[in-house]
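The values are calculated or read from the model by the stated rules, or taken from the named source; none is laboratory data. From a predicted model like this one, the values you see are computed outputs, not experimental measurements. Every residue, glycine as well, gets a Cβ built from its backbone with ideal geometry; the counts of neighbours run over all protein chains shown. The accessibility values were calculated without ligands, DNA or RNA, using every heavy atom of the protein model including side chains. Shrake-Rupley method; radii C 1.70, N 1.55, O 1.52, S 1.80 Å.
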Amino acid sequence: MFVSELNMVSFRNHRRLFVDLEPKMYRIIGPNGTGKTNFLEAIYLAMTGRSFKTASLKEVIAFGEESAFVAATVVMDDFARDMEITVKKDKRRFLRDHNPVKNTSAYGRGMGVVLFEPGHLQMVQGAPSRRRAFIDDMLRMLSPAYDEAYTSYYHVLYQRNVVLRKLRDMDLLDVYDRSLANYAAVILRERLKFLKRMAASVSTYYEAIAGEGEGLELRYKASFPVVLDGELETAFYESLKARRETDRERGRTSIGPHLDDLSFLLNGEEAKKFASTGQIRSIVLAMKCMEIDRIGEQVGEAPVVLLDDVLSELDEKRRRMLLSMIKGQCFITAAEPMEALEEAAEAIDLIELKKSADDLREEDLW
């Protein structure tokens with residue numbers, strides 16, 4: 001799978017940009033502010049319908065403009081897919097092969113893209129939301145059913161919290177609790193199934209990267225008692241019901257997948273508390289290598305990989321390990337040249353691309 005064309009108009013600091021691409025590794029080198037991350041964001045958005053920088057797509061619209069446009073031609077299974085997104089301040093439009101698509105799940109179905117950005121290096125020691133996001137982002141890309149359950153769960157969660165905070169319409173709580181339990185069961189079941197499948201792969205990668213004979217274990221930490229061979233929906237509903245008074249006092253839902261966590265254990269000790277910087281980065285790299293493998297397995301070919309200024313955070317051994325894992329198209333940003341990149345990747349000059357785009361006619365860009 002690879003992006004053969006990328007076109008953007010009024011997208012963040014890229015007024016106009018068009019580029020033809022091949023299934024190879026590219027490097028984008030330059031100081032902050034030149035639009036390197038925005039270039040990667042445009043690829044991610046064109047392939048998934050979502051941004052990795054913001055939940056509000058209207059933020060991608062360039063200052064002073066009314067709309068932003070991003071389009072990509074993605075070659076998958078030897079067929080070219082035309083992906084287009086137009087974002088206005090009050091609406092957005094998704095087109096897949098020139099046909100309107102209602103939601104991001106249908107728009108990005110079958111697309112394989114892996115992002116690795118500096119925030120991911122905080123996966124082990126950072127807030128639980130970072131670890132949940134890693135699992136959720138993968139599962140939402142891999143499973144339309146999970147994406148639907150995830151979106152619905154947070155919609156119902158918001159409604160339930162409104163009722164709790166305003167202390168009214170309390171009869172609605174039971175309705176929301178049953179609905180929330182239904183979606184929570186899907187999310188939890190899929191997370192646990194996924195972690196069971198990926199645990200061995202992550203452990204193998206960690207051993208290859210760290211080379212220290214340490215055992216890495218992944219453990220899911222649920223916010224309510226889970227009986228794996230029981231009925232998850234019923235168990236969660238009963239737990240919600242038992243905590244209604246506590247939730248009323250706090251004005252929020254105190255248990256659920258939105259509060260669950262993932263822990264990493266090295267030789268039985270929690271890595272978040274005891275691991276060295278090198279061990280932490282080896283864990284994160286093992287997770288990303290697993291992600292590349294898993295998404296490639298799901299879509300049937302190597303995914304597009306986006307590395308946003310992360311190589312500078314890794315030592316030479318880990319840089320080369322990561323680059324060796326990438327079999328398909330890859331875009332790598334960095335502030336300074338690196339020997340490993342000079343050898344492996346072709347340069348993309350954003351300044352030259354912008355100049356070339358300025359010379360094109362308006363109709364050639366849309």
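Shape verdict for the stretch 37-79, please, from the Cα gyration tensor: rounded (a/c under 1.5), prolate (a/b greater than b/c) or oblate. Note, shape of the stretch 37-79 comes out prolate. Highest-first packing order for the peptide set 75-81, 190-196 is 190-196, 75-81, based on the mean count of other beta carbon atoms within 10 Å.
Let's see if you can work this out: charge +1 on each Lys and Arg Cβ, -1 on each Asp and Glu Cβ, no other charges. What is the dipole magnitude of the stretch 171-327 about its Cα centre, in debye to the nearest 20? Please report the intermediate quantities before stating the final value.
Working: 24 positive and 28 negative charges, 26 e Å.
Around 120 debye, computed over the stretch 171-327.
For the chain, modelled as a GNM with alpha-carbon contacts under 10 angstrom, which of GLN329, GLN298, GLN159 fluctuates the most? Fluctuation is largest for GLN159. State the number of lysine pairs found in the stretch 2-104 whose Cα atoms come within less than 29 Å, restricting to pairs 8 or more positions apart or on distinct chains. For the stretch 2-104, qualifying lysine pairs total 18.
With every protein chain left in place, what is the accessible area per residue of the stretch 175-257 in square angstrom, probe 1.4 Å? Show your work: numbers first, answer last.
Details: 4300 Å² over 83 residues.
I get 52 Å² per residue for this part.
Given the C-alpha centroids of the stretch 248-293 and the stretch 183-225, what is the distance between them in whole angstrom? Their Cα centres are 9 Å away from one another. Please determine, in degrees from 0 to 90 and to the nearest 10, the orientation of helix 128-142 with respect to the longest principal axis defined by the Cα atoms of the chain, where the helix direction is its Cα long axis. It is inclined by approximately 70 degrees.
Using only alpha carbon pairs under 8 Å that are at least six residues apart, calculate the relative contact order of the chain and give it in whole percent. Walk me through the intermediate numbers first.
Values: 622 pairs, mean separation 93.5, N = 366.
Reported as a whole number, the value is 26 percent.
How much mean residue ellipticity at 222 nm does the chain get from its helices, if each DSSP H run of length 4 or more adds -39500 (n - 2.57) and you divide by all residues, to the nearest 500 deg cm²/dmol? Before the final figure, lay out the partial values.
Details: 13 runs with 168 residues, N = 366.
Rounded to the nearest 500, the figure is -14500 deg cm²/dmol.
Rolling a 1.4 angstrom probe over the protein heavy atoms with all chains in place gives the stretch 33-156 an accessible area of 44 Å² per residue.
At a probe radius of 1.4 angstrom, the accessible area of the stretch 288-330 per residue rounds to 37 square angstrom.
Between the Cα long axis of helix 36-48 and the first principal axis of the chain there is an angle of about 60°, rounded to the nearest 10.
With a/c under 1.5 counting as rounded, go ahead and sort the stretch 227-270 into rounded, prolate or oblate using the C-alpha gyration tensor (a ≥ b ≥ c being the square roots of the eigenvalues; past the cut-off, prolate if a/b is larger than b/c, else oblate). It comes out oblate by the Cα gyration axes. Close lysine pairs were tallied over the stretch 236-366: pairs 8 or more places apart or on different chains with Cα atoms under 20 Å apart number 4. Here is the list for the stretch 1-69: GluC sites (Glu not before Pro) lying in DSSP coil, each with at most 14 other C-beta atoms within 10 angstrom of its C-beta, are GLU65, GLU66.
By the gyration tensor of its Cα atoms, with a ≥ b ≥ c the square roots of the eigenvalues, what is the shape of the stretch 1-143: rounded for a/c under 1.5, prolate for a/b over b/c, or oblate?
Values: a/c = 1.27, a/b = 1.15, b/c = 1.10.
Rounded, since a/c falls under 1.5.
Note on the chain: with neighbouring protein chains present and a 1.4 Å probe, carbon and sulfur make up 48 percent of its accessible heavy-atom surface. Restricting the stretch 118-176 to trypsin sites (Lys or Arg not before Pro) that sit in a DSSP loop and have at most 14 other Cβ atoms within 10 Å of their own Cβ leaves ARG168.
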